Amino acid sequence: MDFEFMRCYTPLYVEAGILTLKIAFIGIVLAIMIGLVCSLIKSMNIPILKSIVSFYIELSRNTSLLIQLFFLYFGLPKLGIVLSSESCGVIGLAFLGGSYMAEAFRSGIEGVHLIQSESALSLGMTRFQVFRYIILPQALTTSVPVLCANIIFLIKETSVFSAVALADLMFVAKDLIGIYYKTDEALLMLVIAYLIILLPISLIASWIERSVRYAGFGDTSTVSRK
């Protein structure tokens, strides 16, 4: 194992890791927003919008991120739409992640008993207040584990960004292997880089899950008196 080689090229992995995190952060935030909107649409009785959202979810979940990136990076230029590698990465991650986030939010919303909403409405609360104080807190509580798992999953999916010439961690590892044939060193540094990124996120996610679970967000006894 050539440790001097690893020390010399560590800055490349650091730079690539920062870029990976930047794109992952933007893509995941957009995915959460898309997922929340889609879950709200699916909870409403508007057949056309529900059909559109269902089609999007099925399309997104049944096509790989790599295929989506190829379409964005190589397919859209045929239509006169040229996107940068970074833009393709963000859009692809948001498109894929939005469907998973939508299902997570949907399951959380459907997990709230209808009697709670009806009771709140009978007490004079508006539908917005019912959603804000009754449904959303409980839905988020039950959705947190799935949301955290989806976030980790999406970060790991960034490993395919190198296919569209994005200088992420995988791109750097493949580049070093191709130039110097240092396969063991390059792959070891790649594994370490992803561990450094994902392990803290996993620990934070576990802490958030425990905090939300025991913070009393699912208790609507005080909410009903507002």
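The values are calculated or read from the model by the stated rules, or taken from the named source; none is laboratory data. If you're wondering where the values come from, they're calculated on a predicted model, not measured in any experiment. Quick reminder, even Gly has a Cβ in these numbers, built from the backbone with ideal geometry, and neighbours come from all protein chains shown.
Numbers below:
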quantity: Residue that is farthest from the chain's Cα centre (by Cα) [pool: residues in segment 34-62 that are among the β-branched types (V, I, T) and surrounded by 14 or more Cβ atoms within 10 Å (Cβ to Cβ)]; calculated: I41
quantity: Some residue of segment 71-92 being without any contact (Cβ under 8 Å) to a residue 40 or more places away in the chain, surrounded by fewer than 21 Cβ atoms within 10 Å (Cβ to Cβ) and charged (D, E, K, R); calculated: yes
quantity: Selection count where residues are surrounded by 12 or more Cβ atoms within 10 Å (Cβ to Cβ) and either within 30 Å of Q138 (Cα to Cα) or hydroxyl-bearing (S, T, Y) (or both), scope segment 162-182; calculated: 2
quantity: Test for S54: is it assigned to a helix (DSSP H, G or I), in contact with a Gly (Cβ under 8 Å, 6 or more places away or on another chain) and more than 30 Å from D184 (Cβ to Cβ); calculated: no
quantity: Cβ pairs under 6 Å, 6+ apart, first in segment 10-25 and under 17 Å from L96 (Cα atoms), second at pLDDT below 90 and among the hydrophobic types (A, V, I, L, M, F, W, C); calculated: T20/L169
quantity: Filter result for the condition that a residue is outside any helix (DSSP H, G or I) and more than 14 Å from E157 (Cα to Cα), over L49, L83, L40; calculated: L83
quantity: Criterion violated by S143 - all others in (1) closer than 26 Å to L198 by Cβ; (2) touching a residue at least 40 places away in the same chain (Cβ under 8 Å) satisfied; calculated: (2)
